[in-house]
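Shown next, in structure tokens, is the structure this report addresses.
Every number here is computed from the coordinates shown, using simple stated rules; none is lab data. The model shown is predicted, which means the values in this text are computed figures rather than measured ones. Cβ atoms come from the backbone with ideal geometry, glycine included; neighbour counts cover every protein chain shown.
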Amino acid sequence: MKATPSYAVCADSEVWHSVYVDVIWTWPNGDRKHGMGSRDWMVHECADYDEALAVADMTSLETGLPRNVSLDVKRQAGSVGKVGGVAKSDLARAKDPKTPAPELLQMAVDHQNTLLQMNLKILKALAKNPSSPLDVLLSFAVVQDASAELLANPVLPLLLMEDPAIFRNWALAAIEKYDAGRLILLFSGDNKAELRRLFFGEIDAQFTELPFTTADITFYEDGIVQDGYHLFPTMAAYQAEFDPSDQVAIMRRRLSSATVKTGNWKRYLP
């Protein structure tokens, strides 16, 4: 049995800007085999190879969809869902507040590998989309790689109105769940001050320039304590880190050794 070739213009789902011509071999019994890629990513099935090349030449690398094709073809491309890789369809839907929350959640799962540049763009779009569900907004990936977009999300005031402790509760759960070194990277740096304020609350007191260490000690109004690279959910948890034989005195000596004390620092020197 001799196979008959047909051709399709395809968009690669992994390398979003890759558009190529796929050869589809069809046997008389109906079996099909692809020369490269997968027909799942087909943009437009063409009559012959020359037409396929012509359509491919008209393809925009920015959108992954042919510029000069009929509305029927564009409608077909949209119905496939993943046509054009993640460049147009997924990124556009990730930005669109009208995209249903379940779709946004599935998109976050599909593109959770933030090492890929396009996936990172989608993650940032999801973090800024007010329709994104909490499972997306309060994910480790968003806090780690899309915190600026999260802070710019217009839904934050509404979330805080509904539950003032929503971000603090995430922080408390994260302190228990994640390794201290991994967690502190999310919130370290002067550029993360607003993020710390959202999750930890305002700074109540700070002790800096301690001898023999570059670590600062910060007490937040909501109870979280940061000592260098370590975060503690409460003052009691922080105090428990010191020698149980005389925890109060040891903690007092450590805090008193700070050259610079700001805020309500006297409150923490019992």
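For a quick check: sort HIS111, HIS230 by the number of other beta carbons within 10 angstrom, fewest at the front. Kindly include the intermediate steps, with their values, before the conclusion.
Details: HIS111 22, HIS230 16.
Least crowded to most crowded, the residues run HIS230, HIS111.
Spin-label point model (7 Å from Cα, Cβ direction): what's the LEU158 to ARG197 distance in nm?
2.3
Highest mean first, how do 258-266, 191-199 rank when packing is the count of other Cβ atoms within 10 Å averaged over residues?
Values: 258-266: 13.8, 191-199: 16.2.
For the peptides 258-266, 191-199, the packing ranking is 191-199, 258-266.
Can you give me the C-alpha center-to-center distance between the range 118-145 and the range 172-211, rounded to a whole angstrom?
So the two Cα centres are separated by 20 Å.
Could you run the Karplus curve 6.51 cos²θ - 1.76 cosθ + 1.60 with θ = phi - 60° over the range 159-176 and give me ³J(HN,Hα) per residue in whole Hz, x for Gly and Pro?
Those phi angles translate into 4, 5, 5, 6, 8, x, 9, 4, 7, 5, 5, 5, 4, 5, 5, 5, 4, 6 Hz.
Want the number for ARG253 to ALA92: 0.36 nm per residue separation, take away the alpha-carbon distance, what's left?
Working: separation 161, 0.36 × 161 = 57.96 nm, distance 5.60 nm.
Going from the current span to full extension adds 52.4 nm.
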